[in-house]
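In what follows, a structure is listed as C-alpha cells, so that the remarks can point back to it.
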Amino acid sequence: MRPTRLLRDVLGVQDTVVESTYQEISSEGGQRDLILRVRPRAGQRGRCARCQRRCAGYDRRGHPRRWRSLDWGTTMVYLEADTYRVSCPEHGVVVAHVPWAQPAARHTHPFEDTVAWWTARAASSVVAEFLRTTWRTVQAIVERVVTERAGRTDLLSGLRRIGIDEISYRKGQRYLTCVVDHDTGRLVWAAQGRNSETVLKFFDALGKERAQQLTHVSADGAEWIHTPVKARAPQAVLCLDPFHVVEWATDAVDTVRRDMWNTLRSKGNTTQASNVKGLRWAVLKNPENLTGEQRTTIAAIAKTNNRLYRAYLLKEQLRAVFAARGTPGRVLLAGWLAWAARCRIPEFVKLATTIKHYLPLIRNTLDHGLSNARSESTNTHLRVLTRRSYGFRSPEALITMAMLTRSGLCPPLPGRSSKD
Ligand SMILES: [Zn+2]
C-alpha cells in the first residue's frame, strides 16, 4: 500500500495527497504534534470553495494554513497546506476549495463530524475537554455542520401533517416557535418569537405550493397560530394537540392540590399540609408510571381527600379520551364534559368551558387520529434541552442544537455508515 493512501485512510479524508510529515513541539507545551503537509489532488485544485466550480486563480502564491485533524492516539495531528484564492464568476474572490475541510473551517471534516456527533449526546464542555478544544469552538463547529447539512437537505419538502408550537427558552417571555412534522417527528423549522409574524415567516419559507399540500395542522389553540394558518393553508384541518389538553388538566390538578395545601397550612394543619405537598408527583404522573408507593398514595387520597381524588380522575379520564380517538373518543369526551361541568371544582369547570370553546378542533383531533406521540417527544426533548446547562447565549444556539438533535442533521461518526 502506498503511504499516501494509508495516511489518507487514517485521516478519513478524500482527494488529498500527503507530501511529507514532520513533528513540532505543541503550542500547549510538552507534547509533540504531528504535522502532515498536504495538497488537494490535481482534479480538486483551482476550485471555488463555495460552489467547487473550476475558476481562474487570483493569488499565485499560497499562504500556509493548518487544520486540526482527529488525534492519532495521544498525538495531536494537523494538516498543513498552502492556500490561495480563486476568482469565481458567482462568488467573487474566494479561498480555493480544499477536499478535507469546509470553507473557513479550521478543522477537518472528520473532526467536525465527531464534534457534532458528541455534542448531540453530551454537554459541550465535556466534548471540548475530550477533544482538547474550547467550548466556543465546539459551538461554532456545530453551527457550521448544522448549517451545511441543512443546506443540503430540504426539511420542508413533502410536509403533510405538522404541529406548530411554542417553547419558552428563558425566563421573561422568551420563546421559539417550532414546527414539527407529525409523520417523522422531526423538527423542520424553528425561529425566535411567538406571534403571527413568526408563523407567517414559516409559511414564507414553505412557499405557496407546499402550503397547499398540508392536510393537518395541530397547535395549542392559540389564535396567533390559527389565524395565519387559516390564511395560508385554508385547506388544512386544524387540530388541537392532545398533549396540550392533557397538560391543561394536569395544571388544573396541581392548582387543586396547591389550594388544598395553602388552606391546610393557614389552618395550622402542618402535618396534613406537608402530606398534600408530597402528593405532587403522585397526582401529576400518569398511572402507568406510578411507583408502588405512589399507588398507595393515590388510594389514600381516594379515601381521605375526595376533592383532589376527583380532580385526579378527571385528568385521567381526559387522557383516556385521546387514547380512544374516533367516535368512541367523541362519546367519552361528551361524558367528560358533562362530568366536569358539574364537578364543583372551579378549575375543572373552567377547563370544561375552555374545552367546549375548542370543541371543533378537538373533534378534528379525535376524528383524524392525529398521531401525537412523535411530536410530543420532540416537544419534551426541546424542553429538556432548554433546561439543560448548555449555556445557550442566544436563541440561535438553541435552534442549532435543536436542529442537530431533532431534525436528522447529526452526521454519523467518521468512517461509519449512518446506521452505526
Ligand atoms: Zn463559486
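Of the listed requirements (1) among the basic types (Lys, Arg); (2) in contact with a Lys or Arg (Cβ under 6 Å, 6 or more places away or on another chain); (3) touching a residue at least 12 places away in the same chain (Cβ under 8 Å), Arg68 misses just one: (2).
From the list Trp117, Trp67, the one residue that fits, being crowded, with 16+ Cβ neighbours inside 10 Å, touching a Ser or Thr at 6+ places or on another chain (Cβ under 7 Å) and either within 25 Å of Val142 (Cα to Cα) or at pLDDT below 95 (or both), is Trp67.
Counting only residues that are in contact (Cβ under 8 Å) with a residue 24 or more places away in the chain and exposed (fewer than 15 other Cβ atoms within 10 Å of the Cβ), which one in region 81-98 is farthest from the ligand (Cβ to nearest atom)? Among them, the one singled out is Asp82.
Per-residue answers, yes or no, for (1) outside any strand (DSSP E or B); (2) aromatic (Phe, Trp, Tyr); (3) free of Cβ contacts under 8 Å to residues at least 40 places away in the same chain:
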residue: Val217; (1), (2), (3): no, no, no
residue: Ile225; (1), (2), (3): yes, no, no
residue: Phe243; (1), (2), (3): yes, yes, no
residue: Val256; (1), (2), (3): yes, no, no
residue: Trp261; (1), (2), (3): yes, yes, yes
residue: Ala273; (1), (2), (3): yes, no, yes
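Identify all residues within region 241-296 that are among the small types (Gly, Ala, Ser) and closer than 30 Å to Ala222 by Cα; write none if there are none. The answer is Ala249, Ala252, Ala282. One residue stands out in region 37-48 among those that are under 23 Å from Leu7 (Cβ atoms) and of a type in the set (A, V, I, L, M, F, W, C): the one that is nearest to the ligand (Cβ to nearest atom), namely Ala42. Just one residue in the set Ala211, Ala190 is assigned by TED's automatic domain parsing to the domain that holds Tyr169, out of contact with any Lys or Arg (no Cβ under 6 Å at 6 or more places or on another chain) and not aromatic (Phe, Trp, Tyr); that residue is Ala190. Given Thr153, Thr177, Thr198, which one is surrounded by fewer than 17 Cβ atoms within 10 Å (Cβ to Cβ) and of a type in the set (Val, Ile, Thr)? Selected residue: Thr153, the only one of Thr153, Thr177, Thr198 that is surrounded by fewer than 17 Cβ atoms within 10 Å (Cβ to Cβ) and of a type in the set (Val, Ile, Thr). Within the option set Ile162, Ile141, being without any contact (Cβ under 8 Å) to a residue 60 or more places away in the chain, touching a strand residue (DSSP E or B) at 6+ places or on another chain (Cβ under 8 Å) and assigned to a helix (DSSP H, G or I) holds for one residue only, Ile141. If the condition is being assigned to a loop (DSSP other than H, G, I, E, B) and without any contact (Cβ under 8 Å) to a residue 24 or more places away in the chain, then region 184-206 contributes only Gly193. Residues that are of a type in the set (Val, Ile, Thr) number at least 3 in the following strands (runs of 3 or more DSSP E) confined to region 1-98: 16-25, 75-83, 92-95.
The values are calculated or read from the model by the stated rules, or taken from the named source; none is laboratory data. The model shown is predicted, which means the values in this text are computed figures rather than measured ones. When we count neighbours, we look across all protein chains shown, and the Cβ atoms used for this are built from the backbone with ideal geometry, even at glycine.
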